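The values are calculated or read from the model by the stated rules, or taken from the named source; none is laboratory data. In this text the structure is predicted, and so the values were computed from the model without any measurement. Cβ sites come from the backbone with ideal geometry, for glycine too, and all protein chains shown count toward neighbours. Each accessible area value is taken on the protein alone, full model and side chains, heavy atoms only, with ligands, DNA and RNA left out. Shrake-Rupley method; radii C 1.70, N 1.55, O 1.52, S 1.80 Å.
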Amino acid sequence: MTPGSIARSVAHDRRPPPAPTESARRYVNQWVEPEAIGSDRVPAFVLILRTRGCYWADAKGCSMCGYAKDTLGRSATPAELAEQLDRALARYHEEPYVKVYTSGSFLDDREVDPESRKALVESFSGRARRLLFETLPEFATAEALTPLKETFEGEIEVALGLESTDPLVLSRYIHKNAPPTEYLHAGDRVRALGLRAKAYLLLKPPYLSEGEAIDDVRRSVAEASSRFDALSINPVHIQNGTVVEWLFRRGRYRPPWLWSLVAALRDGASHRAAARLVSFPTAGGLARGPHNCGRCDATVLGAIEEASLSQEFGPLGDLDCACRARWEATLDFEPLGVEA
Ligand code: SF4
Ligand SMILES: [Zn+2]
C-alpha cells in the first residue's frame, strides 16, 4: 500500500455513520487545564463540541489526525448544538480562558451554523477574558469573524493548525489541505481584525527522522513567529485510525522523544520574536505519546509545562537523565538507518 492509499482507506474507515439525536445532544468532552494569559496563571475551560467534523477528514485527512471518530457523520442541528452548550455551561465556573474545539473548524458553517456560533460566543462574553477556537484557514474571513468580535466582550484568539512552514512536509507528510502560505495569510487576516492568532506546529510528522523533525519545528518557529501571537508545539501522539498509527503498528514510527521537544522549545525560544511559545503535550510519557525512558518523563513534562506557563526556558537546560545519551545517538545515527 502507498501512503496515499493508506490515507484514503483510513479516512473512509474512521468516519462514523450518521448519529442519532441522543448522541448529538452531548459534547465530546470537557475539562479544565492550567494556562496563562500574559503573566497571569489562569484555569482554562476546554470544550470539545460534537459536530459533523472536519470536511478534509472525509476527503483525505491528515496523517496524524483521528478526530473524525468524535464526530456525528452529519451536521448537528442548531437545537442539538444549543443543548451541548447548555450542558457545558452548567459546568462552567467563570474560568478566564475558554477553548472551544469541534474536531474540525468552528468557523465552518457545516459544523457550527453562524447563529449557533454567535450564541456560544455570547454566552461566554463578559465572563471569559479570552475565547479561543480553531479553524482551517479558508474559514478565517472578516465575514465570519467580525460578528463574533462584535459579540464578544473580551479577547478572541483564532487557532490555526499550520503544523509546518515547509510546503513539502505539510502536503506530502502531513497531508494538509492547503499550503503554509494560506495559514500565514489567515494569521495576518485575523490580526488585521484586532484578534489574536495562534498557530499549532507539529513535532515529528511521519517520514521525518528525529533530527529532521527538530529542524522542521525550529525553522517553522523562526518563519511563523512574526505572523502569530502564540505558537504551540504539539508533539505527535498516536491516534486511532490514522496513517501514523498504521506506521507505528509496523514499527515504522516512534513518537518524538521529550528531549526533542525540549530542544525545539529551547531553540524556538531564541527565534520566536514576540510570540508566546508553549507546549502542552497529549499522552506525554506514554508509549503512544512523546516519551523518554520512563524514569525522567514526569520531571521533563513538568519542566515543559512550567516553561510554557512562565515563558522562562532557561531551566530546561538543567534537565538530564541517562537516556539523553541514547537520544543523542539516535540523532547521530538515525539518518544512516542504524539502531542507536
Ligand atoms: S488535523 Fe485538522 S485539517 Fe487535518 S483532518 Fe484533522 S481536523 Fe482536519
Ligand atoms: Zn530518561
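May I ask you to list the residues in the stretch 137-171 that are open to solvent by 10 Å² or more (accessible area, probe 1.4 Å) and out of contact with any helix residue (DSSP H, G or I) (no Cβ under 8 Å at 6 or more places or on another chain)? Across the stretch 137-171, the qualifying residues are Phe139, Glu143, Thr146, Lys149, Glu150, Glu153, Glu155, Leu168, Ser171. Scanning the stretch 53-67 for residues that are open to solvent by less than 30 Å² (accessible area, probe 1.4 Å) and of a type in the set (A, V, I, L, M), which turns out nearest to ligand 2 (Cβ to nearest atom)? Selected residue: Met64. Does Gly314 qualify as being within 13 Å of ligand 2 (Cβ to nearest atom) and free of Cβ contacts under 8 Å to residues at least 40 places away in the same chain? So Gly314 does not fit the description; no. Figure legend. Inter-residue proximity from the stretch 166-188: first residues among the polar types (S, T, N, Q), second residues buried (at least 18 other Cβ atoms within 10 Å of the Cβ) and in a helix (DSSP H, G or I), beta-carbon distance below 8 Å, spacing 6+ or different chains. Indicated pairs: Asn177/Trp56. Of all residues in the stretch 62-118, those satisfying the criterion of being modelled with pLDDT under 95, within 30 Å of Lys204 (Cβ to Cβ) and of a type in the set (Gly, Ala, Ser) are Gly66, Ala68, Ser103. If you go through the stretch 176-192 and keep only what is assigned to a helix (DSSP H, G or I), farther than 12 Å from Ala140 by Cβ and under 16 Å from the mean Cα position of the chain (by Cα), you end up with just Pro180.
Is it the case, given these coordinates, that Leu89 is away from ligand 2 (no atom under 16 Å from the Cβ), open to solvent by 10 Å² or more (accessible area, probe 1.4 Å) and among the aliphatic types (A, V, I, L, M)?
On the way: away from ligand 2 (no atom under 16 Å from the Cβ): yes; open to solvent by 10 Å² or more (accessible area, probe 1.4 Å): yes; among the aliphatic types (A, V, I, L, M): yes.
When the stated conditions are applied, Leu89 passes them.
Is it fair to say Arg130 is charged (D, E, K, R), open to solvent by less than 50 Å² (accessible area, probe 1.4 Å) and modelled with pLDDT of 95 or more? Considered against the rule, which asks whether it is charged (D, E, K, R), open to solvent by less than 50 Å² (accessible area, probe 1.4 Å) and modelled with pLDDT of 95 or more, Arg130 comes out as yes.
Within the option set Leu265, Leu277, being away from ligand 2 (no atom under 16 Å from the Cβ), among the hydrophobic types (A, V, I, L, M, F, W, C), under 17 Å from Gly211 (Cβ atoms) and at pLDDT 95 or above holds for one residue only, Leu265.
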